[in-house]
Amino acid sequence: MEAISVFDIFKIGVGPSSSHTLGPWRAARQFLAKHPDIQAIEHVEVHLFGSLAKTGKGHGTDIAVQLGLMDFDPEYFDVDSLGTVISDVEISRQLIVRDEHQFTFDPTTDIVFHMSESLPFHPNAVTFKSNLFEETYYSVGGGFVVTENEELSDKRTVTLPHHTNCAEDIKRECAANKLSIAEMVFRNELAWRTEDQINARLDQIWHTMLECLYRGCHTEGILPGGLNVVRRAAKKNREQIGDVPYKSQEQWCEAIQHLFVDFDDVVNWISTFALAVNEENAAFGRVVTAPTNGAAGVIPAVMLYAYLFKKASQEQLREFMLVAGEIGSLFKKGATISAAMGGCMAEIGVSSAMAAAGLTHILGGSTDQVLMAAEISMEHHLGMTCDPILGLVQVPCIERNTMGAMKAITAANMAITSDPSKAKVSLDDVIKTMWDTAKDMNSKYKETSEGGLATNISVLVPEC
Ligand code: SF4
């Protein structure tokens, strides 16, 4: 099985979706890079299939492929310029690649949504056709992209000191080498990067999350897409902390720490944090895929809870991400992190299991307790459907992150006070069950907006 780095799970990108925005964006860049001579491109067509067609509009897939074909890097793209860049394309009907070359592209006719066609390999398929050649890519969740003829396109041929394809492997490796999960993962990461590079990247991921939390807690307004969802995080932030303009994230964090908080306040803050990130995600903001964008709020919310209310240190936050990333990769290897394959349990469920494990580790849990926390959290997300209204990553997605965060904290608290040797269900059992459930789940509950809330909410149902 493939080697997956923590930094494959945590990627800096742009909202609202890892599979429908980030994946197609990366696929477009890969397609572009396969042209030995960019200048020879005269025209490109984009064909979206399956879930990418059905919810692509709401998830910004059409926007993502244009940005990818212009070779913008999602990690560094100036999200504030998005509206201008896309409206320039609409007006000029030209895509400009790296200021080096431009070719004709009319988004209204050159992006084709094949609403009733799905390709057999994976429901998230996109075919790019230029005047020179064509290629089909599959966005398999979490921003990962594969072609039909290769395995994971960003697969590395590295030899890791600790091979872990399931929870039993983690237990064995940690016990045999007397390592915590964080230490074991860190050793594996050294196969890709130096110690300093790993720590610097972990800190960059955390600071990107913190920026997103801060921005989300200080931005009012209506989310784009037509559902007219009012942003709530800034109002909740103001109600709890007062209407004070903080100049930096550090000042804001300090102010929260100095508040007197009871249980209800803590719960309210956790919800505020999760809402903040996912409102930013829905507004095409800068987010960290964790392990997806629809579920991007769970882990930052639990990490900020740990930082502010459990006094987690910088080193502990790094370890949180190492442990959480390892749990995310187990789900990717043994089941899926794609909602188009497994519904929302593959997004919110996995992020909640990751957060539960990370939190349990920094609270002092043993290896078995960390794995137990991940198991408890996923066990109570099994069967969760993906049914985004209007195909937007807003309802039920944004609130669902608050629930994922709370379940993670509950699971961590249960695991840390339990004896895992008495547990009836293992993490491997629950991963297998998740995959079995995913395969049985009706396709209308897998990111198609053809069932569930997406078809039943009263504002969309015509009056009798
Ligand atoms: S319902 Fe869940 S899986 Fe589906 S788009 Fe929303 S967050 Fe993602």
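Among the residues that make up the stretch 454-461, is at least one of them under 22 Å from Ala374 (Cβ atoms), in contact (Cβ under 8 Å) with a residue 12 or more places away in the chain and open to solvent by 10 Å² or more (accessible area, probe 1.4 Å)? The answer is no, given that none of the residues of the stretch 454-461 is under 22 Å from Ala374 (Cβ atoms), in contact (Cβ under 8 Å) with a residue 12 or more places away in the chain and open to solvent by 10 Å² or more (accessible area, probe 1.4 Å).
Screening Gly391, Gly383 for residues that are more than 9 Å from the ligand (Cβ to nearest atom) and over 24 Å from Tyr307 (Cβ atoms) leaves exactly one candidate, Gly383.
Selection within the stretch 403-417: residues that are within 16 Å of the ligand (Cβ to nearest atom) and surrounded by fewer than 22 Cβ atoms within 10 Å (Cβ to Cβ). The member of this set that is nearest to Ser51 (Cα to Cα) is Met403.
Restricting attention to the stretch 225-250, which residues are open to solvent by less than 60 Å² (accessible area, probe 1.4 Å) and at positive phi?
Step one: of the stretch 225-250, the residues open to solvent by less than 60 Å² (accessible area, probe 1.4 Å) are 225-227, 229, 231, 233-234, 236-237, 240-242, 246, 248-249.
Passing the criteria: Gly225, Gly226, Gly242.
Run down Phe309, Phe320, Phe331 and say which single residue is away from the ligand (no atom under 16 Å from the Cβ), open to solvent by less than 10 Å² (accessible area, probe 1.4 Å), of a type in the set (Phe, Trp, Tyr) and at pLDDT 95 or above. From the options Phe309, Phe320, Phe331, the qualifying one is Phe320.
Provide a single number: the residues in the stretch 364-380 that are within 16 Å of the ligand (Cβ to nearest atom) and closer than 22 Å to Tyr307 by Cα.
Selection size over the stretch 364-380: 1.
For Asn268, indicate whether it is in a helix (DSSP H, G or I), modelled with pLDDT of 95 or more, under 30 Å from Asp62 (Cα atoms) and of a type outside the set (Lys, Arg). Spelling it out, it is not the case that Asn268 is in a helix (DSSP H, G or I), modelled with pLDDT of 95 or more, under 30 Å from Asp62 (Cα atoms) and of a type outside the set (Lys, Arg). Can you go through Asp78, Asp110 and tell me which one is in the same structural domain as Tyr138 (by TED's automatic domain parsing) and closer than 25 Å to Thr448 by Cα? Exactly one residue qualifies, and that residue is Asp110. Within the stretch 207-224, being farther than 12 Å from Phe273 by Cα and buried (at least 21 other Cβ atoms within 10 Å of the Cβ) holds for one residue alone: Leu223. Residues of the stretch 14-73 being among the acidic types (Asp, Glu) and under 16 Å from Val145 (Cβ atoms), which ones? The answer is Asp71, Asp73. When the stretch 33-56 is filtered for residues that are over 11 Å from Glu134 (Cα atoms) and aliphatic (A, V, I, L, M), the ones remaining, listed by number, are Ala33, Ile38, Ala40, Ile41, Leu48, Leu52, Ala53. Scan the stretch 71-85 for residues that are part of a helix (DSSP H, G or I) and within 27 Å of Glu447 (Cα to Cα) and the total you get is 3. Cβ-Cβ contacts under 6 Å between residues 6 or more apart (or on different chains), taken from a first residue in the stretch 208-222 that is within 16 Å of Ala282 (Cβ to Cβ) to a second residue that is of a type in the set (Lys, Arg) and assigned to a loop (DSSP other than H, G, I, E, B), are listed as Glu220/Arg231; Gly221/Arg231.
Could you check how many residues of the stretch 284-302 are closer than 13 Å to Gly358 by Cα, among the β-branched types (Val, Ile, Thr) and not in a helix (DSSP H, G or I)?
Taking the stretch 284-302 as the starting set, the residues that turn out to be closer than 13 Å to Gly358 by Cα are 290, 298-302.
In the following step, the residues that additionally are among the β-branched types (Val, Ile, Thr) were identified as 298-299, 302.
Within this subset, residues satisfying the condition of being not in a helix (DSSP H, G or I) are none.
Qualifying residue count for the region: 0.
Of all the listed residues (Ala40, Ala33), the sole one being open to solvent by 10 Å² or more (accessible area, probe 1.4 Å) and without any contact (Cβ under 8 Å) to a residue 60 or more places away in the chain is Ala33.
Test Val350 against the criterion of being within 20 Å of the chain's Cα centre (by Cα), of a type in the set (Val, Ile, Thr), within 25 Å of Gly50 (Cα to Cα) and outside any helix (DSSP H, G or I), and give yes or no. Considered against the rule, which asks whether it is within 20 Å of the chain's Cα centre (by Cα), of a type in the set (Val, Ile, Thr), within 25 Å of Gly50 (Cα to Cα) and outside any helix (DSSP H, G or I), Val350 comes out as no. Return a yes/no flag: does the stretch 260-273 have any residue that is in contact with an Asp or Glu (Cβ under 7 Å, 6 or more places away or on another chain) and buried (at least 17 other Cβ atoms within 10 Å of the Cβ). So far as the stretch 260-273 goes, no, none of its residues is in contact with an Asp or Glu (Cβ under 7 Å, 6 or more places away or on another chain) and buried (at least 17 other Cβ atoms within 10 Å of the Cβ).
Taking the stretch 334-363 as the search range and keeping residues that are of a type in the set (Gly, Ala, Ser) and open to solvent by 10 Å² or more (accessible area, probe 1.4 Å), which one is nearest to the ligand (Cβ to nearest atom)? Top of the filtered list is Ala335. Identification of helices (runs of 4 or more DSSP H) wholly contained in the stretch 86-201 with 1 or more residues that are open to solvent by 50 Å² or more (accessible area, probe 1.4 Å) and among the hydroxyl-bearing types (Ser, Thr, Tyr) yields 107-110.
Select, from Ile409, Ile376, the only residue that is out of contact with any helix residue (DSSP H, G or I) (no Cβ under 6 Å at 6 or more places or on another chain), aliphatic (A, V, I, L, M) and under 14 Å from Ser352 (Cα atoms). Just one listed residue meets the conditions, Ile409. Can you tell me which residue among Gly23, Gly56, Gly13, Gly68 is small (Gly, Ala, Ser), in a loop (DSSP other than H, G, I, E, B) and open to solvent by less than 10 Å² (accessible area, probe 1.4 Å)? Every option except Gly56 fails the conditions.
The values are calculated or read from the model by the stated rules, or taken from the named source; none is laboratory data. Keep in mind that what you see is a predicted model, and the values were worked out from it rather than measured. Please note: Cβ atoms are built from the backbone with ideal geometry, for glycine as well, and neighbour counts cover all protein chains shown. Please note that ligands, DNA and RNA were not included when accessible areas were found on the heavy atoms of the full protein model with its side chains. Shrake-Rupley method; radii C 1.70, N 1.55, O 1.52, S 1.80 Å.
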